[in-house]
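Have a look at the structure below, then the notes.
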Amino acid sequence: MSVSHSPADAQRDRYAVVGNPVAHSKSPYIHAQFALQTGERIDYERLLSPLDGFVEHVQAFHAAGGRGLNVTVPFKLEAHALAHKLSPRAAAAGAVNTLRFDADGIFGDNTDGFGLVRDIEVNLGVSLAGARVLLLGAGGAARGVVLPMLERRPREITIVNRTAPKAHALVEQFEGAAREFGCRLFGGGPHAVDRNPYDVIVNATAGSLDAALPECDERAFGAGTLAYDMMYGAQPTVFMHHAQSLGARAADGLGMLVEQAAESFFVWRGVRPEGAPVLAALRAQLAAQAA
Ligand code: ATR
């Protein structure tokens, strides 16, 4: 009698996060938790790529049977160029954080903006529909979140950047989508900030990395404002401290990290894991580090 293998015996599908540096990445932990939660049989590892060898590294992983990758700093633009097919949100972002190796080529997606929106709306309980939103920054991180935010139909989004022309360029890029979703879109330098509290302020500047605070009129922050920093760490960021001192509610980007991972998992496996319990576990780990 021949012995047939059940699907459970099949080899695990391989995924990884590729970056440089990548040792600090929490993605292997997050995806291992998602795999446990959903029963999906995957392995997820870290891949350190040389700065000048991204494409070769990705191809080698694919040739060795890899099914998909998360892409982090500094390779999101190269991943965008490498993909044969892009999701609309990755095309709008101009950057790719998720690759999936399909039979007909490499699919590139960007789940960062979806992760931000889901953290704000589901984990933090703040609806973007009808909201007045201030987006600080006009670099890659900001660009990646505009379309997913517009899809939630906020009343207005104001994009403010130290270098005003970059904010104007984003407004130009997204004005068609804004019209489609009934959202007013403004942009400019720091003077473009309204002197009335916003519902949501998102810090998408790279400022928190070096503890710099982006210039922003203090009257933009009020008791009903959610001030969201895309950065996170064991301690609240400078931006979060600032927002809290002005009476606003502050949140860091840990939930965005978890929710973008959940969406990548969905892109690969067609199964949507729960972000909240994994976020709670990571939060506890960070608190233990800070203690
Ligand atoms: P990322 O991919 O993280 O968005 P980026 O494309 O280099 O990186 O963009 C960095 C963003 O942070 C830009 O909006 C940048 O402002 P400029 O376009 O004026 O350079 C913003 N930024 C960085 N440091 C800042 C600071 N100290 N104050 C205000 N904005 C800052």
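Amide H contacts of Tyr44: Tyr15, each under 5 Å away and 5 or more positions distant or on a separate chain (H built 1.01 Å from N in the peptide plane; Pro and chain starts excluded). Enumerate the amide H contacts of Leu134 below 5 Å, restricted to partners 5 or more residues apart or on another chain; note that Pro and chain-start residues carry no placed amide H. Amide H neighbours of Leu134: Thr158, Val200, Ile201, Val202.
Peptide packing: for 249-260, 171-182, the average count of neighbouring Cβ atoms within 10 Å per residue gives the ranking 249-260, 171-182, highest mean first.
Over all alpha-carbon pairs in region 11-110, figure out the percentage whose distance exceeds 24 Å. Taking all Cα-Cα pairs of region 11-110, the fraction more than 24 Å apart is 17 percent.
For region 161-239, place one equal point scatterer on every Cα, skip the solvent, and apply the Debye formula. What is log10 of I(q)/I(0) at q = 0.13, 0.18 Å⁻¹? The computed values of log10 I(q)/I(0) come out as -0.47, -0.87. Looking at the chain, the DSSP beta bridges with both ends there are about 20 percent antiparallel.
Counting 0.36 nm for each residue step from Ala223 to Leu48 and taking away their Cα separation leaves a gain of 58.7 nm. Each of the peptides 188-198, 237-247, 67-77, 281-291 was scored by the mean count of other Cβ atoms within 10 Å over its residues; in descending order, highest first, they stand as 67-77, 237-247, 188-198, 281-291. Which stretch or stretches of region 229-263 have amide N atoms under 20 Å from the point lying 7 Å from Leu213's Cα along the Cα→Cβ direction? Output list for this probe position: 229-253. Average 1/r across all pairs of distinct alpha carbons in region 140-201, invert it, and you get the Kirkwood radius: 11.7 Å.
Between the Cα long axis of helix 54-63 and the first principal axis of the chain there is an angle of about 40°, rounded to the nearest 10. Region 223-291 to region 151-184: how many Å between their Cα centroids? When both Cα centres are located, 24 Å separates them. Dividing the C-alpha radius of gyration of the chain by 2.2 N^0.38 Å, with N its residue count, gives 1.04. Most tightly packed first, judged by the mean number of other beta-carbon atoms within 10 Å of their residues, the peptides 146-154, 124-132 read 146-154, 124-132. Converting phi to 3J(HN,Hα) with the Karplus coefficients 6.51, -1.76 and 1.60 and the offset θ = phi - 60°, region 192-206 yields 6, 6, 6, 8, 10, x, 8, 6, 9, 10, 10, 8, 10, 7, 7 Hz in sequence order, with x at every glycine or proline. Here the relative contact order of the chain, from alpha carbon pairs under 8 Å that lie six or more residues apart, stands at 15 percent. Across region 102-146, the volume of the C-alpha convex hull divided among the residues equals 101 Å³ per residue. Across q = 0.22, 0.23, 0.24 Å⁻¹, region 174-291 modelled as identical point scatterers on its alpha-carbon atoms has Debye log10 I(q)/I(0) values of -1.23, -1.25, -1.28, in the order of the q list.
Annotation: average projected area of region 98-193 is 7.0 square nanometres, based on the convex hull of Cα atoms across all directions. Close amide-amide hydrogen proximity is noted between Ala250 and Ala227, each under 5 Å apart and 5 or more residues distant or on a separate chain (H modeled in the peptide plane; Pro and chain starts excluded).
By the equivalent-ellipsoid construction on the alpha carbon gyration tensor, region 41-162 comes out with semi-axes of 30, 15, 13 Å, ordered largest to smallest. Principal-axis analysis of the Cα atoms of the chain puts helix 27-38 at an angle of about 70° to the longest axis. Size descriptor for region 113-254, Kirkwood hydrodynamic radius: 14.6 Å (Cα pairs only, one decimal). Share of antiparallel DSSP beta bridges in region 11-110, in percent to the nearest 5? Antiparallel: roughly 35 percent of the beta bridges in region 11-110.
To the nearest ten degrees, helix 140-150 and the longest principal axis of the Cα atoms of the chain are 80 degrees apart.
Taken together, the values in this text are just the output of simple stated rules run on the coordinates, not laboratory data. Remember, predicted model here, so these are calculated numbers, not experimental data. Cβ sites come from the backbone with ideal geometry, for glycine too, and all protein chains shown count toward neighbours.
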